[in-house]
Amino acid sequence: MNDPQKPTWYILGPGAIGSLWASYFRLSNFHVVLVTQSARDSNTIFLDDGYTQHAVDIEQITLAQLVESKQPIHNLLVTTKAQHTISALKLIKPCVTEDATLLVIQNGMATKDIQSLLPKVQLTVGITTDGAYRTDSCSVVHAGKGVTTIGNYKNTAISDELLAQLPNNYLHIEPCDNIELRQWKKLTINCLINGLTVIYDCKNGDLLGIPRAMEEMNALSIEITQLYQALNFNLQDFENPYQQALRTITTTANNYSSMYQDIHQHRKTEIDYINGYLVEKGRQLNSPCPENSRIVKAVKALEAAFQDNE
Ligand SMILES: NC(=O)c1ccc[n+]([C@@H]2O[C@H](COP(=O)([O-])OP(=O)(O)OC[C@H]3O[C@@H](n4cnc5c(N)ncnc54)[C@H](OP(=O)(O)O)[C@@H]3O)[C@@H](O)[C@H]2O)c1
């Protein structure tokens with residue numbers, strides 16, 4: 001049942017993370033509208049939270065119907081992959097009200113482009129360690145319970161009002177006053193691990209047994225630290241990237257990175273917003289990033305190979 005005191009959340013990109021949040025919003029009695037690329041057969045999402053199977057009824061609208069209807073969006077959760085975000089937001093921009101709240105939960109650094117496209121909205125960024133995957137377009141498994149850290153892009157404090165409008169009863173959501181630093185830390189780890197798991201076609205932990213991969217990881221770490229110096233970052237805010245990546249691949253040894261999964265499902269990866277983002281920053285600052293550039297080229301070559309075969 002919808003609680004009329006609670007706002008309506010539109011969800012753009014109802015994949016694994018979007019379906020998870022949509023289900024928990026509905027279980028918390030929020031009104032939710034899924035914005036889909038094409039019409040789906042069912043209005044139900046089946047959520048497996050590790051203990052219980054929930055069948056959650058959720059309203060849906062296609063991108064085309066939404067644009068046609070011109071319905072105003074005051075609260076928008078964006079969970080598309082970074083490379084699809086701007087094109088999708090451009091389509092629905094006329095519906096997004098100037099004072100809208102936009103919560104973007106994704107990897108990679110698309111945030112600046114989003115704020116440029118929608119300069120007046122309150123942009124909040126979410127970084128999550130939750131793990132979710134879809135078993136079909138209507139079924140999602142909450143495979144790993146983590147934390148979603150949220151912070152305003154302008155680094156202002158998260159209001160209690162916004163926190164109260166999120167599904168806190170089901171998800172561990174923590175406010176953070178410096179989300180940009182958190183984004184850089186997450187980006188660093190993704191840059192050191194994801195591309196290498198694609199190149200060496202392996203699980204995170206398998207990298208430990210591949211000396212060449214570990215040398216490349218160390219070279220990436222050195223290069224990224226140099227870039228941080230060029231960016232005038234306070235290096236004391238960052239742990240040594242190589243040591244941090246070592247810890248991550250040890251604790252997530254059995255996981256396949258999202259980039260590995262994208263390549264194996266013949267989907268475009270978020271590489272332009274991960275290593276590609278650093279390469280571009282390095283170019284702007286005259287601090288070249290050849291190691292990151294090599295990773296970008298290798299991943300793009302694999303993307304091109306499956307595109308050519310389809
Ligand atoms: N899954 C995780 O465990 C996890 C954990 C941490 C961070 N993340 C990050 O969270 C973000 C979302 O990941 P995810 O795993 O949920 O991805 P996903 O399952 O691939 O979901 C992406 C959604 O975006 C939709 N989409 C694709 N292109 C679109 C377009 N042009 N216009 C509108 N919608 C479009 C897809 O539509 P279809 O439904 O038609 O495919 C899908 O619903 C990523 O940045 C990822 O790196 C994910």
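The values are calculated or read from the model by the stated rules, or taken from the named source; none is laboratory data. Since this is a predicted model, take the numbers as computed values, not measurements. Using ideal geometry, Cβ is built from the backbone for each residue, glycine included, and neighbour counts are taken over all protein chains shown. We work out accessible area using only protein heavy atoms, side chains counted, and drop any ligands, DNA or RNA first. Shrake-Rupley method; radii C 1.70, N 1.55, O 1.52, S 1.80 Å.
Over the chain, what is the mean sequence separation of C-alpha contacts under 8 Å (at least six apart), divided by residue count, expressed as relative contact order in percent?
Numbers: 547 pairs, mean separation 42.9, N = 310.
RCO, the chain: 14 percent.
The aspartates and glutamates whose alpha-carbon is closer than 14 Å to the alpha-carbon of K268, local same-chain residues fewer than 8 away aside, are E303, D308, E310. Heavy-atom accessible area for I17, with the other protein chains in place and a 1.4 Å probe, reaches approximately 40 Å². Solvent-accessible area of the range 8-177 (1.4 angstrom probe, protein heavy atoms only): carbon and sulfur portion equals 49 percent.
Taken as Cα centroids, the range 207-221 and the range 80-112 sit 34 Å apart, rounded to the nearest whole angstrom. Per DSSP H run of n ≥ 4, the term is -39500 (n - 2.57); total these for the chain, divide by its residue number, and report the mean residue ellipticity at 222 nm rounded to 500 deg cm²/dmol. After summing the helix terms and dividing by the residues of the chain, the value is -13000 deg cm²/dmol.
D by Stokes-Einstein for the range 122-215, Kirkwood Rh over Cα pairs, 10 °C, 1.306 mPa s: 101 µm²/s. For the listed residue pairs K6/K120; K81/K120; K154/K281; K203/K300; K154/K297; K93/K281, the alpha carbons are over 29 angstrom apart in K154/K297. Calculate the length of the line joining the C-alpha centroid of the range 250-275 to that of the range 6-36, in whole Å. Each part's Cα centre sits 24 Å from the other's. Name the longest site-free stretch of the chain, where the excluded sites are trypsin sites (Lys or Arg not before Pro) in a DSSP loop with no more than 11 other beta-carbon atoms within 10 Å. Within the chain, the longest run free of exposed trypsin sites (Lys or Arg not before Pro) spans 155-310.
Using a probe of 1.4 Å on the protein chains alone, the accessible area found for L91 is around 90 Å². Shown for the range 182-308: the carbon plus sulfur share of the solvent-accessible area, taken with all protein chains present and a 1.4 angstrom probe, equals 48%.
What does DSSP give for the range 1-98 in terms of the percent of beta bridges that are antiparallel, rounded to the nearest 5? Roughly 30 percent of the DSSP beta bridges within the range 1-98 come out antiparallel. Each Cα pair under 8 Å and six or more residues apart adds its sequence gap; the mean of these over the residue count of the range 221-310 is a relative contact order of 30 percent.
Based on every Cα atom in the chain, Rg and the maximum pairwise Cα distance Dmax equal 19.5, 58 Å. Under Stokes-Einstein, with the Kirkwood radius over Cα pairs as Rh, the value for the range 182-308 at 37 °C and 0.692 mPa s is 225 µm²/s.
Of all DSSP bridge pairs formed entirely within the chain, close to 35 percent run antiparallel. Per residue, the accessible area of the range 193-310 comes to 52 Å² when a 1.4 Å probe rolls over the protein heavy atoms. Only protein heavy atoms count here; under a 1.4 Å probe, D3 has an accessible surface of about 50 Å². For GluC sites (Glu not before Pro), the sites in the range 194-257 that DSSP calls loop and that have at most 14 other Cβ atoms within 10 Å are E239.
Beta carbons within 10 angstrom, averaged per residue: use that to sort the peptides 82-88, 63-69, highest first.
82-88, 63-69
Rounded to two decimals, the Cα radius of gyration of the range 112-170 over 2.2 N^0.38 Å is 1.39. Across the range 18-25, coupling constants 3J(HN,Hα) worked out from phi with the 6.51/-1.76/1.60 Karplus curve, θ = phi - 60°, read x, 5, 4, 5, 4, 5, 5, 4 Hz, and Gly and Pro carry x. Taking θ as phi - 60° and the Karplus parameters 6.51, -1.76 and 1.60, the scalar couplings of the range 143-157 work out to 7, x, 7, x, 10, 10, 9, 10, x, 6, 4, 7, 6, 8, 6 Hz in sequence order, x denoting glycine and proline. With all protein chains kept in place, the per residue accessible area of the range 8-177 amounts to 44 square angstrom at a probe of 1.4 angstrom.
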